[in-house]
Amino acid sequence: MNPIDTLNLDFRALSTFLAVLDEGSVSRAAVRLGVTQSAVSHTLERLRQALGDPLFVKSGRGIVPTRYALQAGPHVRQILDDLQSLSAGPPFSPATAEFTFTIAANDYQRDLLLPGLVKTLRREAPGISLQVIPSGIPSAEMLRKDACDLIVSPHAPEATDIMQRGLMADRNVVFYDPDYRKPPENLADFLKSDHISLVFGTGERPSFEISLNARGLTRRNVVTVSNFSGLPEFLRGTDMLATAPQLMSKHLLRDFAWVPLPFELKPFTLLMLWHRRNQNDPAHKWLRNQVNAVAAAMNKLNP
């Protein structure tokens, strides 16, 4: 008998293999799949016997995939994608679809891109509702556990089952109220000024502040807020400075002037993130294309 005949190649067995491959841990794979560790171990043992390869071996306190497992990974992913395509049902029709699509985005990304998406939905897919939740510093688990369908963020979790696409580039600049002060002339002027700073709900500080600290530089933060929406009213009518993405000059910080940062800092890219299981889903693909179209239109306006 062919060894492969002894294996029940069902969706669960293949998903278990990929979960262990992605997580590098039986226990974490069990949490991701919502099953017990013994169930994962039992499925792996069936796979080992059928395929004639250990698949995963101990290394220190963890496990590592064998060469066979690494080579099989892409093929198994394709099989799962094909199985999902077979069960996708009839072709997707935006005009008649009715469901809620959840996007995780912080206030900067939300206000920049999602109003344009809503206009598209109201025009072309009136039965699709949009729910927006905060992303914080996004994790792969948000997508794995269906807390959201899509994430828009400059931060991408390192995980092989999370897909990504770049939407648009931006950079941090210095905003100020031109009725109350002149722009900072140099780095020394920037550092001695009073600042409005951000500490996100997760406790994470913006990348530019981390860069400053790495250079041994400090600034005087007199007000700290938890999101970008708190900047305008504190900035208005004062001589303080606020560092934020340049594209916020198109909406939230449109009433203020800005100048480049007085030190080198790399631009960043806003990313669209989704789980691999939704890669070929017709509705998900259509919505991703609409988000990308909004970003592309903005890129043309902001070359």
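The values are calculated or read from the model by the stated rules, or taken from the named source; none is laboratory data. Worth saying up front: this structure is predicted, and the values here are computed from it rather than measured. When we count neighbours, we look across all protein chains shown, and the Cβ atoms used for this are built from the backbone with ideal geometry, even at glycine.
Points worth noting:
- Which numbered condition residue 246 fails, given (1) touching a residue at least 40 places away in the same chain (Cβ under 8 Å); (2) polar (S, T, N, Q); (3) not assigned by TED's automatic domain parsing to the domain that holds residue 229: (3)
- Taking the range 162-181 as the range and being farther than 30 Å from residue 291 by Cβ and either among the basic types (Lys, Arg) or assigned to a loop (DSSP other than H, G, I, E, B) (or both) as the test, the residues that pass are 177, 178, 179, 180, 181.
- Qualifying positions in the range 42-57 - closer than 26 Å to residue 140 by Cα and loosely packed, with under 14 Cβ neighbours inside 10 Å: 42, 57
- Among residues of the range 89-116 that are under 24 Å from residue 137 (Cβ atoms), those with a Cβ under 7 angstrom from a residue that is among the acidic types (Asp, Glu), sequence gap 6+ or separate chain, pair up as 101/149; 102/149; 103/149.
- Within the range 128-151, the residues that satisfy the criterion of being surrounded by fewer than 21 Cβ atoms within 10 Å (Cβ to Cβ) and part of a loop (DSSP other than H, G, I, E, B) are 134, 136, 137, 139, 145, 146, 147.
- Any strands (runs of 3 or more DSSP E) falling wholly within the range 24-127 and containing at least 2 residues that are assigned by TED's automatic domain parsing to the domain that holds residue 280, modelled with pLDDT of 90 or more and out of contact with any helix residue (DSSP H, G or I) (no Cβ under 6 Å at 6 or more places or on another chain): 99-105
- Residue check for residue 213: in contact with a His (Cβ under 9 Å, 6 or more places away or on another chain) and either among the hydroxyl-bearing types (Ser, Thr, Tyr) or free of Cβ contacts under 8 Å to residues at least 40 places away in the same chain (or both): no
- The numbered conditions (1) aromatic (Phe, Trp, Tyr); (2) over 27 Å from the mean Cα position of the chain (by Cα); (3) buried (at least 19 other Cβ atoms within 10 Å of the Cβ) are all true for residue 68 except (3).
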